[in-house]
Amino acid sequence: MSIIFRRAQVNPEGSGTSGKASYKLTSSILLSMGVAKESVGDTNLSGTMTKQAIKSLAYDAAAKPHLANVGSMIEDMEIDLR
């Protein structure tokens with residue numbers, strides 16, 4: 001079984017509907033594997049891994065909103081975690 005948690009934090013620099021923003025993404029994976037075999041008995045192996053990425057990206061409410069920037073960061077993080 002594995003569980004993935006994500007937290008995204010957006011801090012716009014300036015005001016208005018466009019500009020730059022600082023994005024902080026934290027992803028954690030919790031993994032648990034249990035085996036019940038006569039040769040090894042009841043065995044449980046569990047672990048966790050956390051990665052964090054911080055980027056400053058341009059945004060525009062109409063053309064490239066915050067959601068697009070966060071989505072792109074999540075995709076990049078998934079590749080890193082694999």
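No value in this document is a laboratory result; all are computed from the given coordinates. On a predicted model such as this, the values are computed, not experimentally measured, just so you know. Here the Cβ positions follow ideal geometry from the backbone for every residue, glycine too, while neighbour counts run over all protein chains shown.
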Residue check, LEU57 hydrophobic (A, V, I, L, M, F, W, C) and loosely packed, with under 13 Cβ neighbours inside 10 Å: no
Residues of segment 5-18 classified as surrounded by 13 or more Cβ atoms within 10 Å (Cβ to Cβ), more than 16 Å from LEU81 (Cα to Cα) and not hydrophobic (A, V, I, L, M, F, W, C), total: 2
Residues within segment 52-69 that are farther than 12 Å from SER22 by Cβ and either assigned to a loop (DSSP other than H, G, I, E, B) or not acidic (Asp, Glu) (or both), tallied: 8
Flag for SER46 being under 19 Å from the mean Cα position of the chain (by Cα), surrounded by 10 or more Cβ atoms within 10 Å (Cβ to Cβ) and polar (S, T, N, Q): no
Subset tally (residues that are exposed (fewer than 13 other Cβ atoms within 10 Å of the Cβ) and closer than 15 Å to PHE5 by Cβ) for segment 60-77: 0
Breaking point among (1) free of Cβ contacts under 8 Å to residues at least 24 places away in the same chain; (2) surrounded by 11 or more Cβ atoms within 10 Å (Cβ to Cβ); (3) of a type in the set (Lys, Arg), for LYS37: (2)
Residues of segment 19-51 satisfying the condition of being within 22 Å of ARG82 (Cα to Cα) and of a type in the set (Val, Ile, Thr): THR26, ILE29, THR48, THR50
Subset of segment 8-45 (residues that are more than 25 Å from ASP76 (Cα to Cα) and part of a strand (DSSP E or B)): MET33, GLY34, VAL35, ALA36, LYS37, GLY41, ASP42, THR43, ASN44, LEU45
Residues (touching a strand residue (DSSP E or B) at 6+ places or on another chain (Cβ under 6 Å) and among the basic types (Lys, Arg)) located in segment 10-63: LYS20, LYS24, LYS51, LYS55
